[in-house]
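Trainee: First the structure, then my questions, so here it is.
The values are calculated or read from the model by the stated rules, or taken from the named source; none is laboratory data. Fair warning: this is a prediction, and the values are worked out from it, not measured in the lab. Note: ideal-geometry Cβ built from the backbone for every residue, glycine included; neighbour counts use all protein chains shown. For the accessible areas, the whole protein counts, side chains as well, though only heavy atoms, and no ligand, DNA or RNA atoms are used. Shrake-Rupley method; radii C 1.70, N 1.55, O 1.52, S 1.80 Å.
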Amino acid sequence: MVRILGIETSCDETAVGIVEDGRNILSNAVSSSLALHGPYGGVIPEIAARAHVETIWDVFAAALDEARRSPAELDAIAVTRGPGLPGALLIGLAFAKGLALALDRPLIPVDHLAAHLYAAQMAVPTLEPPYVGLVVSGGHTLLCVAHGDCRFELLGETKDDAVGEAFDKVAKLLGLGYPGGPAIDRISDEGDATKVRLPRSQTKRPFDFSFSGLKTAVYHHVEKIAGSTAVGSTAVRSTTGALSPPVEPSSRRAVEPLRALSQQEVADIAASFQETAVDILITKTLRACHRTGIKRVAVGGGVASNRRLRARFGAEGAANKLDVIFPPPPLCVDNGAMVAGIGYPLLQKGRVASLSITSDSNLCLN
Ligand code: KG4
Ligand code: ZN
């Protein structure tokens, strides 16, 4: 039995998990700096990095506590090498190197996107490669084929916004706060998804994505019904959100006051946006299955928690005789257990690193 500790600090979650044999989760401790970023409407890299420095030791201790293990009982240290915020990645990697050195254990560098997909394999042990992988997070949206040995073949990726980023920006526009994904997920229950017709952007390559046109179409719709010219601003005053517009530190543009959107209008826009985004993701994934002849799909990343995405994939999967696997929500968002989990097959393949390894903020399925 091999017990691996996994460290994840690529964005705003400081996370440490301990997993045996790549499947059996002993602990999954997370501390998020989300609340610190809320007033800015997005993650501020320096604040995220500082929060990692301040909390990583406590999260490490909490993971050991929850697993009822001592450091000496760990067999290897896995850590997210990238992609992510450079300063944030650095903290996790430095901490992991310190542990590996002090405990004299192997250091396993992990690709964050691969770990998101591996979370599905942890949830459903019968899921074996090859499968079509869909990563939907705040920083990435991509389709790939997962082969054995933790090797991935990229089919396509977003050419502009990641889908989670689009959720967050639309939520911000609607006054739903940050992070926007869960808020849109919730309020869409009260909305009519057929109310606002939104475009599905075309991409040159069949498996690439583009979400910035969809986001801009939502801005234009709000502008039309709320009677303002403040497209791209954060000034919508909704009955569900703050009454005064938050000021974006990066763009302090003057904004005209808008009429308040009603709760129903906000819900209808949110539901229509969500339905369109989900539709785009499902259409391209089905196309990838069709093209490759692969009947298994794993979905990973924060947006994989979205209830409408899960429900629609469930229905489409059944209709098309596909197995579509979602990790449980705690394994969809950034977490240490998925890093510890994928550490196991990587260790088996000897994919360990020396202590001179550096982080790589642009890593993509390596
Ligand atoms: O994977 P993740 O935790 O971090 C990154 O690697 O980026 O994903 C965070 C993203 C955010 O954009 C957040 O709004 C989105 O996941 N998200 C959701 C939901 N829960 C989190 N988006 C839609 N519906 C949700 N329920
Ligand atoms: Zn992530």
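Trainee: Can you find even one residue in the range 136-151 that is more than 23 Å from residue 273 (Cβ to Cβ), under 18 Å from the mean Cα position of the chain (by Cα), open to solvent by less than 10 Å² (accessible area, probe 1.4 Å) and within 16 Å of ligand 2 (Cβ to nearest atom)?
Mentor: yes
Trainee: OK, next. Please go through the range 115-131 and give me each residue that is away from ligand 1 (no atom under 12 Å from the Cβ), crowded, with 24+ Cβ neighbours inside 10 Å and either at positive phi or among the aliphatic types (A, V, I, L, M) (or both), ordered by number.
Mentor: 120
Trainee: Now a separate question. Which residue pairs have Cβ atoms closer than 8 Å, lie 6 or more positions apart in sequence or on different chains, and pair a first residue in the range 276-304 that is in contact (Cβ under 8 Å) with a residue 24 or more places away in the chain and open to solvent by 20 Å² or more (accessible area, probe 1.4 Å) with a second residue that is away from ligand 1 (no atom under 11 Å from the Cβ) and in a helix (DSSP H, G or I)?
Mentor: From the range 276-304, the pairs are 279/312; 286/316; 294/288; 295/289.
Trainee: Right, something else. Give the number of residues within the range 69-92 that are open to solvent by less than 50 Å² (accessible area, probe 1.4 Å) and in a loop (DSSP other than H, G, I, E, B).
Mentor: So the count comes out to 5.
Trainee: OK, next. Residue under question is residue 62, and the condition is that it be open to solvent by less than 20 Å² (accessible area, probe 1.4 Å), more than 14 Å from ligand 1 (Cβ to nearest atom), in contact (Cβ under 8 Å) with a residue 24 or more places away in the chain and small (Gly, Ala, Ser); does it hold?
Mentor: no
Trainee: Further, regarding this structure: Specify which of the listed residues (141, 126) is under 19 Å from residue 323 (Cα atoms) and hydroxyl-bearing (Ser, Thr, Tyr).
Mentor: None of the others qualify; the one that does is 126.
Trainee: Among the residues of the range 341-365 satisfying the criterion of being under 19 Å from residue 17 (Cα atoms) and within 15 Å of ligand 2 (Cβ to nearest atom), which is surrounded by the fewest Cβ atoms within 10 Å (Cβ to Cβ)?
Mentor: 342
Trainee: Give just the number: which of (1) within 16 Å of ligand 1 (Cβ to nearest atom); (2) farther than 17 Å from residue 82 by Cβ; (3) crowded, with 24+ Cβ neighbours inside 10 Å does residue 324 not satisfy?
Mentor: Condition (1) is where residue 324 drops out.
Trainee: Can you tell which of 324, 299, 339 is in contact with a Ser or Thr (Cβ under 7 Å, 6 or more places away or on another chain) and either part of a helix (DSSP H, G or I) or outside the structural domain of residue 117 (by TED's automatic domain parsing) (or both)?
Mentor: Only one candidate qualifies: 339.
Trainee: If a residue has to be within 30 Å of residue 128 (Cβ to Cβ) and without any contact (Cβ under 8 Å) to a residue 40 or more places away in the chain to count, how many in the range 144-188 make the cut?
Mentor: Selection size over the range 144-188: 4.
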